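The structure appears right after this line, and notes come after that.
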Amino acid sequence: MSSTTRPDIRNIAIIAHVDHGKTTLVDHLLRQSGTFRENQVVAERIMDSNDLEREKGITIMAKNASVHWKGTKINIVDTPGHSDFGGEVERILSMVSGVLLLVDAAEGPLPQTRFVLKKALELHLVPIVVINKIDRSDARPEEVLDEILDLFIALGADYDQLHFPVIYAISKQGIARRSLVDDSMTLAPLFETIIDTIPGPKYDMENPFQMIITALGWSDYVGRIAIGRIHSGRVQVGDSVVLIHLDGSKEQQKITKMYSYEGVNQMPIESAESGEIIALSGFENVYISETISDSSNPVALPYVNIEEPTIAMYFCVNTSPFAGREGKHVTTPKLRDRLYRELRMNVALRVEDTDQADVFKVSGRGELQLAILIETMRREGYEFAVSKPEVLMKRDENGALLEPIEHVLVDVPDKHVGTVIEILGTRKGEMVNMTPQGDIIRAEFYVPARGLIGFRTEFLTSTRGEGIIHHTFHDFMPYKGLISGRTKGSMVSMENGTATGYSLESVQERGVLFIDPGMEIYEGMVVGENAREEDIQVNPCRAKHLTNMRASGSDGIIKLETPRKMSLEQYIEFIEDDELLEVSPVSIRVRKKILDTNMRLRAQKKQKALDEV
Ligand code: GDP
């Protein structure tokens, strides 16, 4: 078997923390590569992330682009930035031979990029380090370089990887330099470093056409788009090929449309060869990790295991009294279609029907992945309800219960580290490492995934927003025992109606409100958090009785505290087993599963009796 590398192509991925300058860098790579005609106005920044990515500070969907430099085509793929998308990261990286690690010269490497970098190093990809924003007045490029070196060592980089080339950049001005004293005013040193150090893709023309699908896209014009790197052989429009599904079944099909990346666009092409990253349309049933191959020799390529989900939530049709008021898509078939459609793109996700027709079990790699799905659906006009996340357990061969354990890494100012250790202790976390890095302490723990539900908010509060947390799946390990949940109960409305300032004033004495006066509420809706452990029933809708008597000492002015506003993730963390989150494009409400007060109290009594047995 002879296989060589292809000299005219480089496939690379960029690993960067949000805001370190990836978009700006790619933008200037495009301008200087001649991909845009001279003086052509580049109206929009390319590879720009969607709103949700900005808000969450991570890349959710990877996008591709390509640039040319002196006859070599450089395909650039974007990597998702969070460990919840671990499987996707690995598949995307399987398309490339090298990575650019882009790091802000002032901020240094941040834990969020650690996971992707680790995967890249494990896959023996060739790294290039780009220290960006060296023009910043607070830039500290030498120190940052040391930090990157420490990180590479910590992540187990091999000898060659540790000798990575370093480029210093001012992406904003399209400048890359080989050293801090170099006077280059263009990105040429970066282009050259990419071409000189990153090998071309494997070029195998002896074997027939084979390619594995590593990413899926969607276009309103052509529908489903399957993306991958051609493993071997040549393919052209009109070819008859076989799609090999993961279960081994095969489907014969013709190649009707094929594209390659030119700049940020997909351009139709007639043929392509081993090593090139291409996109195919017309394959309606293709899934990630499936192989498309020449019909003469239909053999599946080995693929990256799709990581097992660790957390599940139930998605239900909205049954609250407000159902259908705020959403565009509210019915069971709509909800079901949308969830199953997500599966086609999002392989780390599972969707299952349940014994209730209007309830679906959705499992994913973490709370964040599920929160992103919920938020995306909300923005698309869906209205539904979700349950408290639950962790997926397993049994070993002896029947012992195993639970998913996460590797948690926190960076916190030293004055807060004690609190964080204490909180993780109550969540059955075990500290495995602690290292000071200046005023910051970096601590590592093994924590049951169960214990992390709700932790993010508590962590941010207890570190006054100065802490950074990152977690990745570690292993399934024996069940660690009971973790006590939320310590405060809910304030539940007994009435349907409109909240009045008058009654909220007395309700707020018993806890923290989530609602404003004037808001419509229903029986069984949670209007706040009780100060004590148990739930209480409240009436937020009472109108002031007209009476001749004046309350002594009262001037009649209502004083209300500002209600607590929570993010979707905070809400997900807040809800209990007997509660649901009602999610619509307009609102997020917490409600009891059983809305009727008497029925709920009876059910709670029964449950308590059962718990005591
Ligand atoms: P991304 O989130 O990684 O895609 O980052 P962007 O490309 O959007 O850049 C984030 C911010 O950093 C923007 O305000 C850029 O203008 C700025 N930026 C990018 N490169 C440089 C640079 O070399 N120097 C300075 N000072 N700012 C930069």
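The values are calculated or read from the model by the stated rules, or taken from the named source; none is laboratory data. Nothing here was measured: the structure is a model prediction, and the numbers come from that model. Positions of Cβ are generated from backbone atoms using ideal geometry, with glycine treated the same way; all protein chains shown enter the neighbour counts. For the accessible areas, the whole protein counts, side chains as well, though only heavy atoms, and no ligand, DNA or RNA atoms are used. Shrake-Rupley method; radii C 1.70, N 1.55, O 1.52, S 1.80 Å.
Entry comment: accessible area of the chain is 46 Å² per residue, from protein heavy atoms only and a probe of 1.4 Å.
For segment 242-354, carbon and sulfur atoms together expose 49% of the accessible surface, with a 1.4 angstrom probe and every protein chain in place.
Relative to one another, the C-alpha centroids of segment 581-611 and segment 253-272 are positioned 53 Å apart.
Within the accessible surface of segment 417-531, defined with a 1.4 Å probe on protein heavy atoms only, the carbon and sulfur portion equals 51 percent. Which of the residue pairs K544/K565; K488/K593; K388/K488 have a Cα-Cα distance greater than 20 Å in the structure shown? From K544/K565; K488/K593; K388/K488, over 20 Å: K544/K565. Normalised by residue number, the volume inside the convex hull of the Cα atoms of segment 476-524 is 120 Å³ per residue. Only helical runs count toward this figure. For the chain, summing -39,500 (n - 2.57) over DSSP H runs of n ≥ 4 and dividing by all residues gives -6500 deg cm²/dmol at 222 nm. If you wrap segment 238-353 in the convex hull of its Cα atoms and look at it from every side, the mean projected area works out to 10.7 nm². A crude spin-label estimate for the pair I558 and E466, with each label 7 Å from Cα along the Cβ direction, gives 4.0 nm.
Against the main long axis of the alpha-carbon atoms of the chain, helix 188-197 sits at an angle near 80°.
Taking the protein heavy atoms of segment 124-179 in the context of the full set of protein chains, the accessible area attributed to carbon and sulfur is 51 percent at 1.4 Å. Pop the C-beta distance of Q252 and D396 into the FRET formula with R0 = 45 Å and round what comes out to the nearest 0.05. Calculated value: 0.60. Note on segment 427-525: semi-axes of the ellipsoid equivalent to its C-alpha gyration tensor, largest first and rounded to whole Å, are 39, 18, 10. Note on segment 159-206: with charges restricted to the Cβ of Lys and Arg (+1) and Asp and Glu (-1), its dipole about the Cα centre is near 300 debye. Taken along the Cα-to-beta-carbon direction at a fixed 7 Å, the label points for D158 and L601 span 7.0 nm. I want to verify the translational diffusion coefficient of segment 471-613 in µm²/s; compute it with Stokes-Einstein, Rh as the Kirkwood radius over Cα pairs, at 4 °C and 1.567 mPa s. Here the translational diffusion coefficient equals 76 µm²/s. Annotation: amide H of N132 within the under-5 Å range of V103, D104, A105, A169, sequence separation 5 or more or interchain, hydrogens built in the peptide plane.
Between the beta carbons of D239 and E192, assuming R0 = 51 Å, the FRET efficiency works out to 0.90 to the nearest 0.05. For a straight C-alpha distance cut-off of 14 angstrom, the aspartates and glutamates reachable from K361 (same-chain residues fewer than eight places away being disregarded) are D337, E342, E352, D353, E390. Taking only alpha carbon atoms, segment 389-476 gives an Rg to Rh ratio of 1.03, where Rh is the Kirkwood radius. Derived from the Cα gyration tensor, the three semi-axes of the equivalent ellipsoid of the chain are 48, 30, 24 Å, largest first. Highest average first, the peptides 599-605, 115-121 ordered by how many other beta carbon atoms sit within 10 Å of their residues are 115-121, 599-605. The modelled label-to-label distance between Y502 and K415, using points 7 Å beyond Cα along the C-beta direction, is 4.7 nm. Between 0 and 90 degrees, the angle of helix 367-379 with respect to the longest Cα principal axis of the chain falls at about 80 degrees.
What does the extension gain come out to for R178 and A531, with contour length at 0.36 nm per residue minus their alpha carbon separation? Net length gain for the segment: 121.1 nm. Taking 0.36 nm per residue of separation and subtracting the Cα-Cα distance, full extension of the segment from E122 to V299 would add 61.1 nm.
Sorting the segments 390-398, 147-155, 23-31, 500-508 by their residues' average number of neighbouring beta-carbon atoms within 10 angstrom, most packed first, yields 23-31, 500-508, 147-155, 390-398.
A Cβ-based charge dipole, computed about the Cα centre of segment 337-425 with Lys and Arg at +1 and Asp and Glu at -1, lands at about 240 debye. If R0 is 25 Å, the Cβ-Cβ spacing of D355 and E308 corresponds to a FRET efficiency of close to 0.60. Scoring 284-291, 323-330 by mean Cβ neighbours within 10 Å over their residues and listing the highest first yields 284-291, 323-330. I need the Debye-formula profile for segment 200-296: one equal scatterer per C-alpha, no solvent, reported as log10 I(q)/I(0) at q = 0.13, 0.16, 0.20, 0.25 1/Å, two decimals. With one equal scatterer per Cα and no solvent, log10 I(q)/I(0) is -0.38, -0.59, -0.96, -1.53.
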